[in-house]
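**Q** Pasting a structure here, questions to come.
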Amino acid sequence: MASMPRMKSKTDIDAALAALERRLQALCSELPAERVLEAFTDETRRLTRDVPPEHEAYVEDRVHRLLADAGLIADDSPTG
């Protein structure tokens, strides 16, 4: 996945999260289950390092939801 441009708006962030979701689906089909989480973590770093502070909690929640929905982590979020 190419480096993402600096995100300034929630629209930019949502577009990046949608791409990240597609990437997670691809990783799940390409890699053994035990390697998906590690590979996805690397992909996620590219997104999270460019998120403005006011959107960090939103992104963390969405990434958590992606991982839980994929069955890669337990859903221990308050909204889960």
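The values are calculated or read from the model by the stated rules, or taken from the named source; none is laboratory data. Quantities reported herein were computed from a predicted structural model and do not represent experimental measurements. No Cβ is skipped: glycine too gets one built from the backbone with ideal geometry, and neighbour counts run over all protein chains shown.
**Q** Can you say whether L37 is in contact with a Leu (Cβ under 6 Å, 6 or more places away or on another chain) and modelled with pLDDT of 95 or more, as far as the supplied structure shows?
**A** No; evaluated as a whole, the condition is false for this residue.
**Q** Can you tell me how many residues in the range 29-42 are surrounded by fewer than 16 Cβ atoms within 10 Å (Cβ to Cβ) and touching a helix residue (DSSP H, G or I) at 6+ places or on another chain (Cβ under 7 Å)?
**A** Total satisfying the criteria: 1.
**Q** Moving on to the next point. Give me the residue from the range 50-80 that is more than 18 Å from S9 (Cα to Cα) and of a type in the set (D, E) and, out of that set, nearest to the chain's Cα centre (by Cα).
**A** Going through the qualifying residues, I end up with D69.
**Q** Look through S3, S77 and report the one residue that is modelled with pLDDT under 90 and surrounded by 11 or more Cβ atoms within 10 Å (Cβ to Cβ).
**A** Testing whether each residue is modelled with pLDDT under 90 and surrounded by 11 or more Cβ atoms within 10 Å (Cβ to Cβ) leaves just S77.
**Q** Checking A16 against (1) at pLDDT 90 or above; (2) in a loop (DSSP other than H, G, I, E, B): exactly one of these is not met. Which one?
**A** Against the list (1) at pLDDT 90 or above; (2) in a loop (DSSP other than H, G, I, E, B), A16 comes up short only on (2).
**Q** Moving to a separate point now. Can you pull out every residue in the range 26-49 that is closer than 19 Å to T11 by Cα and in contact with an Asp or Glu (Cβ under 9 Å, 6 or more places away or on another chain)?
**A** Within the range 26-49, T48 is the sole residue that qualifies.
**Q** If you don't mind, there's one more thing I want to ask. Determine whether I73 is out of contact with any strand residue (DSSP E or B) (no Cβ under 9 Å at 6 or more places or on another chain), of a type outside the set (S, T, Y) and either at positive phi or not in a helix (DSSP H, G or I) (or both).
**A** Yes: the conditions hold for I73.
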